[in-house]
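Comments concern the structure below.
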Amino acid sequence: MALIRHTARAVRCVRAPQPSASRTFSVTTRRQGGGHGNESQFDPPGGWLWGIKPGEKPEPEGWEWPMYVFCGSLVATGIALAFKPDTTVSTWALEEARRRLEAEGILPDPEKK
């Protein structure tokens, strides 16, 4: 049985690999480039940071104010979630159990010291 297993493995290894060029996933040709043709997709260097000369005020773009509002709301939400009250069931149950045990006299009242 072991001899048959080893010969089957050897036969599998000897099989000729299929040429990968004949088995493509797509028959369409590959497109390259971004559709810019001969023009460059980058602005030529002008020597100024972001193309704004010193002393000139840049004109605001359309995405700036909505982004400021979005970032501000994220900060406000983070602060609100950091300082929200603890309203879990386990906290309520612990406070209720302590109140009942103090009312029955099992636990001493912490305010009567």
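The values are calculated or read from the model by the stated rules, or taken from the named source; none is laboratory data. Please read all numbers here as calculations on a predicted model, not as lab measurements. For accessibility, only protein heavy atoms count, side chains too; no ligands or nucleic acids. Shrake-Rupley method; radii C 1.70, N 1.55, O 1.52, S 1.80 Å.
Do you know which residues across region 35-63 are assigned to a helix (DSSP H, G or I) and open to solvent by 80 Å² or more (accessible area, probe 1.4 Å)?
L49, W50
For (1) outside any loop (DSSP other than H, G, I, E, B); (2) open to solvent by 70 Å² or more (accessible area, probe 1.4 Å), each residue gets a yes or a no:
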| residue | (1), (2) |
| --- | --- |
| W65 | yes, yes |
| C71 | yes, no |
| G78 | yes, no |
| P85 | no, yes |
| L101 | yes, no |
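Check S40, S90 and return the single one that is at pLDDT 85 or above and within 34 Å of the chain's Cα centre (by Cα).
Of S40, S90, the one residue that is at pLDDT 85 or above and within 34 Å of the chain's Cα centre (by Cα) is S90.
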